[in-house]
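Take a look at the structure set out below.
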Amino acid sequence: MDAGLARVLDGFAQQWRPYPGSHTRIVSVPPPAVQGREEGRLEDERAFLSAATTQPAALKEVRAYLHAEDFADPVHAGLFGCLAALVHRGEAIDPVTVVWEAQHRGLLTHTTPEAILTACAPSGADPAYWASRILRHSLLETAAATAGRIGHLAADPTLTPHQLITATHRTLGDLTAVRLHWHRTHPGQYRAAPTGRSTPPPTPRPRGRPPPTANAPRITVRTR
């Protein structure tokens, strides 16, 4: 969706060229209103931390697309960083080692060891499944925040068309980044846009003597 909107903005940018001074203004957009965190989203994050602590080998694949910014709870994001650091160093992972890593990173100023032990309790769930759910939550929230920012920009009567297009392009950056992460986990849900014509090109006619037609006179060559 954001890629299609970006193409539309590129078309508008060709129609409304900037004039001197039109691009020097810094457009500030207020941050979106902080909404209450859904308990279901936090439960998904705790389920992922529990599964990742039990099956740390899966983190090597999950880290390719899941980032700390995708977590709603900053403590959960910090614990994800702890798990990633332990995997990177090749150390053994269990709830106790996660607590030690969290203490080393200063995370215990925002939570307690008991809460970490509970969040990282052993589980038989699939870490990749819960990572996909976390990324889906992040994608939906980022899309909603992006729509709110674009709506605020569109309602500003002091912006020129070029300023509105430029600011909207910048606003789409965060959504594009999350959408690319989602695409890595769900490649089958996206298809490349057609780049050429839908019908095949005509077959070139071979060069040489054209075939005789029905009305053409027949020439007979006699040989001795």
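The values are calculated or read from the model by the stated rules, or taken from the named source; none is laboratory data. This structure is a prediction, so every number in the text was calculated from the model and none was measured. Cβ: placed from backbone, ideal geometry, glycine included. Neighbour counts: every protein chain shown. For the accessible areas, the whole protein counts, side chains as well, though only heavy atoms, and no ligand, DNA or RNA atoms are used. Shrake-Rupley method; radii C 1.70, N 1.55, O 1.52, S 1.80 Å.
Comparison of 107, 139, 83 shows that the only residue that is surrounded by fewer than 19 Cβ atoms within 10 Å (Cβ to Cβ) and in contact with a helix residue (DSSP H, G or I) (Cβ under 7 Å, 6 or more places away or on another chain) is 139. For residue 64, the criteria (1) within 24 Å of the chain's Cα centre (by Cα); (2) modelled with pLDDT of 95 or more; (3) open to solvent by 30 Å² or more (accessible area, probe 1.4 Å) hold in every case but one, which is (2). As a summary of the residue check, residue 90 satisfies the conditions (1) touching a helix residue (DSSP H, G or I) at 6+ places or on another chain (Cβ under 6 Å); (2) surrounded by fewer than 20 Cβ atoms within 10 Å (Cβ to Cβ); (3) modelled with pLDDT under 95 except for the one numbered (1).
Summed over the stretch 54-72, the residues that are touching a helix residue (DSSP H, G or I) at 6+ places or on another chain (Cβ under 6 Å) and either among the hydroxyl-bearing types (Ser, Thr, Tyr) or under 18 Å from residue 178 (Cα atoms) (or both) give a count of 8. For the residues 46, 41, 37, the requirement of being under 25 Å from the mean Cα position of the chain (by Cα), at pLDDT 80 or above and within 30 Å of residue 153 (Cβ to Cβ) singles out 41. What are the residues in the stretch 100-117 that are out of contact with any Cys (no Cβ under 8 Å at 6 or more places or on another chain) and without any contact (Cβ under 8 Å) to a residue 24 or more places away in the chain, if any? The answer is 100, 103, 104, 106, 108, 109, 112, 113, 114, 117. Annotation note: of 59, 117, the sole residue that is out of contact with any Asp or Glu (no Cβ under 8 Å at 6 or more places or on another chain), open to solvent by 30 Å² or more (accessible area, probe 1.4 Å), not in a loop (DSSP other than H, G, I, E, B) and not polar (S, T, N, Q) is 117.
Scanning the stretch 142-160 for residues that are open to solvent by 50 Å² or more (accessible area, probe 1.4 Å), without any contact (Cβ under 8 Å) to a residue 60 or more places away in the chain and part of a helix (DSSP H, G or I) turns up 147, 154.
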